[in-house]
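J.: Structure below; questions to follow.
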């Protein structure tokens, strides 16, 4: 995968927030806004009618209390998966979400947040 084919974490975050929409689960939104995203590209691949599809592993690191809050709600977990999967799929038919890992950590640094985030 060349550098121009890789999905940037911030592009993924924005796409997932868009997919979640203004009425999406607030816990999922908080996780996306506060979390630090990392992407392992092409962890798996398979042949489909459109050609080779590459699956990407996404890790979302959020503060431990938020991780626990999200994991207590199957709806929030599903909303988070659906939003990130939609954001990955928007990058092209050859991209798919292979796995989403929600892990406890520091989350996103306040210094990396935009002015209006």
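A short reminder: the numbers here are calculations on the coordinates, not readings from a lab. Treat the numbers as computed from the prediction; the structure is a model and nothing was measured. Heads up, the Cβs are rebuilt from the backbone with ideal geometry, glycines too, and the neighbour counts pull from every protein chain shown.
J.: Mind telling me which of 14, 72, 57 comes out most flexible in a GNM of the chain, alpha-carbon contacts under 10 Å?
T.: 72
J.: Further question: Please determine, in degrees from 0 to 90 and to the nearest 10, the orientation of helix 74-89 with respect to the longest principal axis defined by the Cα atoms of the chain, where the helix direction is its Cα long axis.
T.: Compared with the principal axis, the helix lies near 40 degrees.
J.: Hey, another quick one. For a quick check: sort 50, 62, 103 by the number of other beta carbons within 10 angstrom, fewest at the front.
T.: Least to most surrounded, the residues fall as 50, 103, 62.
J.: Turning to a different aspect of this structure: In degrees, nearest 10, range 0 to 90: what is the angle between the Cα axis of helix 9-20 and the longest Cα principal axis of the chain?
T.: Its long axis makes an angle of about 80 degrees.
J.: Defining a contact as two alpha carbons under 8 Å apart and six or more residues distant in sequence, what relative contact order in percent does the chain show? Can you show the working numbers first?
T.: Working: 201 pairs, mean separation 38.3, N = 117.
Value for the chain: 33 percent.
J.: Related question: For segment 21-90, what ratio Rg/Rh do Cα atoms give with a Kirkwood hydrodynamic radius?
T.: On the way: Rg = 13.7 Å, Rh = 13.2 Å.
Rg divided by Rh gives 1.04.
J.: Same structure, new question: How do 25, 78 line up, fewest other C-beta atoms within 10 Å first?
T.: Working: 25 20, 78 12.
Starting with the residue having the fewest Cβ neighbours, the order is 78, 25.
J.: For the chain, I need the span (max minus min coordinate) of the C-alpha atoms along each principal axis, in Å, sorted largest to smallest.
T.: On the principal axes, the chain reaches 40, 31, 25 Å in Cα extent.
J.: Can you sort 43, 70, 77 so the residue with the fewest Cβ neighbours within 10 Å comes first?
T.: Values: 43 13, 70 23, 77 18.
With the fewest neighbours first, 43, 70, 77 line up as 43, 77, 70.
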